[in-house]
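Peer 1: Handing you a structure now.
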Amino acid sequence: MRETPEETRELQALLDASLSRSTSHLRSIITAERTLTADQLTQVLTGMCTLSLSTVTAKGEPRISGVDGHFLHGMWYFGTDPGAAKARHLAARPAASVAHLRGEDLGVFTHGTVEILNPRGGEPHAAWPEFLAYVKDFYGDHAFDWENAVVYYRLRPHWMAAYAPDFAKLVEG
């Protein structure tokens with residue numbers, strides 16, 4: 001949990017607003033009893049969370065792939081090889097969706113716009129130094145050529161919903 005009180009309030013407002021403008025079908029599944037608060041979500045989304053990342057090709061065709069996701073400051077962070085198709089898609093069309101699922105116990109669905117943290121040949125994003133320190137600590141300082149081997153993104157969400165029928169089960173382990 002690295003969220004400030006303000007970031008937690010913003011995350012809660014996003015969760016509330018997202019659900020309120022969702023379809024009646026979704027609201028019938030993700031009810032108040034089967035969702036998480038921002039505080040609970042930040043307790044559950046720690047460490048590396050495998051994400052299904054959805055991008056779109058130039059022809060408008062959807063593509064999905066897996067990435068290591070890290071939930072920090074109320075946003076998803078993830079990386080990929082700079083030569084990967086998803087990197088090309090995100091460079092041209094920065095809208096993306098991610099889903100993190102743990103069986104039927106947890107589903108976190110997010111739509112937003114990516115920001116590149118460490119662009120090749122460009123000025124790093126203001127969030128890059130803190131995130132770089134985080135991933136070096138998480139994966140090990142010598143795991144990658146951090147500046148060139150991986151391009152990292154932050155997904156700035158405009159919609160997010162969390163399905164969790166039993167919060168206690170998630171935190172028990």
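Peer 1: Could you please report the charge total around Ser22, scoring K, R as +1 and D, E as -1 over all other residues with beta-carbon less than 14 angstrom from its beta-carbon?
Peer 2: Net of charged neighbours comes to +2.
Peer 1: Next question. Set Lys and Arg Cβ to +1 and Asp and Glu Cβ to -1, take the dipole of the chain about its Cα centre, and tell me which of Thr57, Trp146, Ser97 lies farthest positive.
Peer 2: Ranked along the dipole, the leading option is Thr57.
Peer 1: In degrees, nearest 10, range 0 to 90: what is the angle between the Cα axis of helix 128-139 and the longest Cα principal axis of the chain?
Peer 2: 80
Peer 1: Within 13 Å, Cβ to Cβ, of Pro165, how many net charges do the neighbouring residues add up to if Lys/Arg are +1 and Asp/Glu are -1?
Peer 2: -1
Peer 1: Pairs of alpha-carbon atoms within less than 8 angstrom and 6+ residues apart define the contacts here; what relative contact order does the chain have, in percent?
Peer 2: 28
Peer 1: Also, I was wondering about something else. Please work out the average accessible area per residue across the chain, using the 1.4 Å probe convention, and give it in Å².
Peer 2: Counting only protein heavy atoms, the per-residue value for the chain is 52 Å².
Peer 1: Here's a follow-up. So if I take the centroid of the Cα atoms in segment 101-120 and the same for segment 1-61, what is the distance between those two points in Å?
Peer 2: 9
Peer 1: If you don't mind, there's one more thing I want to ask. Could you check how much of the accessible area of segment 1-133 is carbon and sulfur, as a whole percent, using a 1.4 Å probe?
Peer 2: Carbon plus sulfur share of accessible area: 55 percent.
Peer 1: May I pose another question? Return the aspartates and glutamates within reach of Lys136: Cα separation strictly under 16 angstrom, same-chain partners fewer than 8 residues apart disregarded; answer none if there are no such residues.
Peer 2: Leaving aside aspartates and glutamates fewer than 8 places away in the same chain, those within reach of Lys136 are Asp68, Asp145, Glu147.
The values are calculated or read from the model by the stated rules, or taken from the named source; none is laboratory data. Note that the structure is predicted; figures quoted are calculated from it, not measured. For neighbour counting, all protein chains shown are included, and Cβ atoms are generated from backbone atoms with ideal geometry for every residue, glycine included. These area figures cover heavy atoms from the full protein model, side chains too; ligands, DNA and RNA do not enter into them. Shrake-Rupley method; radii C 1.70, N 1.55, O 1.52, S 1.80 Å.
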